[in-house]
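Asker: Just dropping this structure here.
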Amino acid sequence: MSPDELQTTAMSNLDSDADQVEDAHQLDQAAQLAAEVKRCGRYRGKLVLRLPWCPGGRSFSLVAIFLAPAEHDPRTIQHEYGHTQQLHQLGLLRYLLGIGWPSARSQLSGPAYFQQPWEVTADYFGGVWRQPAASQIGDDSADHRPAEEALQAGLAYLKYLKTARLRAVWTASRGHWRPSADQR
């Protein structure tokens, strides 16, 4: 089979194709479709693969979006898409050191996990508005934008990763980075 035939066959075997969407409502529907893929799909031009096993049972992204077997939340698709945008902005090495490594080694979960600077910006670029902990608001029914301070810290971290020397990126990824006044 020629490379062109292989590509055509692979594209025809996709469970969903959510590339051609324009507005936010269509993006929400596309994320829902992509979250339900059995094996392979697309979301906003990115390949979505459901793996039979994921490290730590968590979805992740690296050029493509890799879904954990039990993951069906469309916000995860959007969030992982946000990580692909970080990769595009930073390049592979800076992304792996400054985003991938701290995300993979994080022991946090729930709202605290998504308040980390590398996760806040993934949500931001993916268009995800997470619910704060129920104790922070009275109504747990609607999504909310990330706290302005957390978003600004996340954007400052991303800006730092783009310009810092690689050794400094590695140090920052190990939790030794705090935004200075001029980085906020």
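Values quoted throughout were computed directly from the atomic coordinates according to the rules given, and no laboratory measurement underlies them. These figures come from a predicted structure and were not determined experimentally. As a convention, Cβ positions derive from the backbone with ideal geometry for all residues, glycine included, and neighbour counts pool all protein chains shown.
Asker: What ranking, highest mean first, results for peptides 93-100, 54-61 when packing means the other Cβ atoms within 10 Å averaged over each residue?
Answerer: 93-100, 54-61
Asker: Tell me the label-point distance for the pair Cys40, Leu62, using the 7 Å Cα-to-Cβ offset, in nm and rounded to one decimal.
Answerer: Computed distance between label sites Cys40 and Leu62 equals 1.9 nm.
Asker: Continuing with the same structure: What number comes out for the charge environment of Leu90, summing +1 per Lys or Arg and -1 per Asp or Glu over other residues with Cβ under 11 Å away?
Answerer: +3
Asker: Here's something else I'd like to know. Calculate one ³J(HN,Hα) per residue across the range 99-106 by plugging θ = phi - 60° into the Karplus curve 6.51 cos²θ - 1.76 cosθ + 1.60, and present them in order as whole Hz with x for glycine and proline.
Answerer: Result, rounded to whole Hz: 10, x, 4, x, 5, 5, 8, 5.
Asker: Still on this structure: Setting aside same-chain residues fewer than 8 positions from Lys38, which lysines have a Cα under 22 Å from its Cα?
Answerer: Within reach: Lys46.
Asker: Report the gain in length on full extension from Ala70 to His88: 0.36 nm times residue separation, minus Cα-Cα distance, nm rounded to one decimal.
Answerer: 3.8 nm
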